[in-house]
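The values are calculated or read from the model by the stated rules, or taken from the named source; none is laboratory data. What you see is a predicted model; the values in this text were computed from it and never measured. Here the Cβ is made from the backbone with ideal geometry for all residues, glycine too, and neighbour counts use every protein chain on show. Only protein heavy atoms, including side chains, enter the accessible area calculation; ligands, DNA and RNA are left aside. Shrake-Rupley method; radii C 1.70, N 1.55, O 1.52, S 1.80 Å.
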Amino acid sequence: DLASAASQGGMGIGVKFPALLAPPSSPEADAALHLLQDASLGSLTVYVVPETSSLLPQGISVYVGKHRSALVRAGGGLATLRTRIRQLTQVMSFTASSIAAALSDRVPDGQLSPDARRHLKSSLGYEITFSLLNPDPKSHTVDWDIEDAVNRYVQPVLDKLSLVANFSVDSQILYYAVLGVTPRFDKESSSFLLSAHSLPHVINPVEARLGSSAASLYPVLNFLLYVPERSHSPLYIQDKDGTPVSTNAFHSPRWGGIMIYNVEAPASPQASLPLHVDVDMVRVMEVFLAQLRLLFGLSREELPAEFLLESLGNEGLADWELDRLLWAHTVENIATVSTTLTSLAQLLDKIGNIVIKDDVASEVYRAVASVQSAMAELATGHLHSAFQASKEAVTSSERAFFDPSLLHLLYFPDDQKFAIYI
């Protein structure tokens, strides 16, 4: 009964009743149990501990670890336990709302939550660009140790995400690059303000200077650190209610994020310019990593008060969150292949005298076989092999669709042919 309740989320779930758990705290238990459990992608193990156990803190009924397991406190009978496990699977596994988000481009607007279309579309690779914008180099000399920051804070996350896609990271410093929106001066706080409704107009002027997306095969994620010019300092972002945004940053769905980094004014007005600024990379990377999670749809929903989630530390990504991402991208890849092959078939049907080469046909057959394999692997819970098959299907379907032997025929209407013959 418990297993059927737990399997609502679509992952293979084992519910275990350990007689005695020696470690004195939840994180230690999570680390110790990780060595004993099934660690395969897509699996989820639930350990039920006695109601009187001190393993979970007071008032906490469910502990979610950073691997593929959770601890649930018994008590209140099987009905209560069943409810807790169902809530747990809604948090940790792939649900109906996850499917809707993964297929957001193919689902009518009314059936989606406002955040569903914010996630990046599935791709074989992503390019991440960190840009430091210094619009006033006469006043500020800005140093940021971006290489060390990427190695320390970003790379551990990308190492985990390497299962999902290939990543490349680069950085640049742009001088005299302004936001393109004139901030409003506030007399009360003696500062400059950017309101929420003006933020969409900030990106376009800056994007023209970035230059990274023009030559990229893959989606580009832009993370911009903006040091305001001296004449507009300090500069703060306001939300829709007019209150300052604590991080002084905002993100744009499927594009990236911008953080405004204010420089303290010199104590003496006669201080020599330019001022030397050393960027606090810990504070900056905390914001950029949070934005990276939002872009991949890894933001954590509000949980019941009795839930406790383990801190992720430097890893930035729990194993079960990676599984959810793989599920989402697998489903999206299958839908993409279906759309691509359907479009190709419809186009070819319109051209009666077209010759389809054997290598194009073999790519189509390969794409169909890979999709069928991905569906079968998903049904049996083999998440990793299902994802790999879905990636192969995407590659084959796009090779067929964009084959040079077909391209010039697809865009050569009949009336042009008749005109040439005449």
Here the range 231-241 yields Karplus 3J(HN,Hα) values (6.51, -1.76, 1.60; θ = phi - 60°; whole Hz; Gly and Pro given as x) of 6, 10, 10, x, 10, 10, 9, 10, 7, 5, 8
For residue 224, the residues 5 or more places away or on another chain with a placed amide H closer than 5 Å to its own amide H are 131, 257, 258, 259
The Cα extents of the range 211-263 along the principal axes, largest first and rounded to whole Å, are 38, 27, 13
In Å, the Kirkwood estimate of hydrodynamic radius for the range 319-417 over Cα pairs equals 14.5 Å
Under the rule rounded for a/c under 1.5, else prolate if a/b exceeds b/c, else oblate, using alpha carbon gyration tensor axes a ≥ b ≥ c, the range 125-296 is classed as prolate
Here the range 146-163 yields Karplus 3J(HN,Hα) values (6.51, -1.76, 1.60; θ = phi - 60°; whole Hz; Gly and Pro given as x) of 6, 5, 5, 5, 5, 4, 7, 10, 8, 4, x, 5, 5, 4, 5, 6, 4, 5
Heavy-atom accessible area of residue 382, protein chains in place, probe 1.4 angstrom, given in Å² to nearest 10, is 100 Å²
Beyond 30 Å (Cα-Cα) in this structure, taken from 66/121; 66/240; 121/417, we find 66/240; 121/417
Filtering trypsin sites (Lys or Arg not before Pro) in the range 117-179 by DSSP loop and by at most 14 other Cβ atoms within 10 Å leaves 121, 138
Measure of exposure for residue 51: accessible area at 1.4 Å probe, Å² rounded to 10, is 120 Å²
With x for Gly and Pro, the residue-by-residue ³J(HN,Hα) of the range 87-95, computed from phi through the Karplus equation 6.51 cos²θ - 1.76 cosθ + 1.60 at θ = phi - 60° and given in whole Hz, is 4, 4, 5, 5, 7, 9, 10, 8, 10
Of 44, 348, 217, ordered by accessible area with the largest first and a 1.4 Å probe, the sequence is 217, 348, 44
Rounded to the nearest Å, the spacing of the alpha-carbon centers of the range 192-212 and the range 282-355 is 26 Å
Of every hundred units of 1.4 Å-probe accessible area on the range 168-225, the number belonging to carbon and sulfur atoms, as a percent, is 55 percent
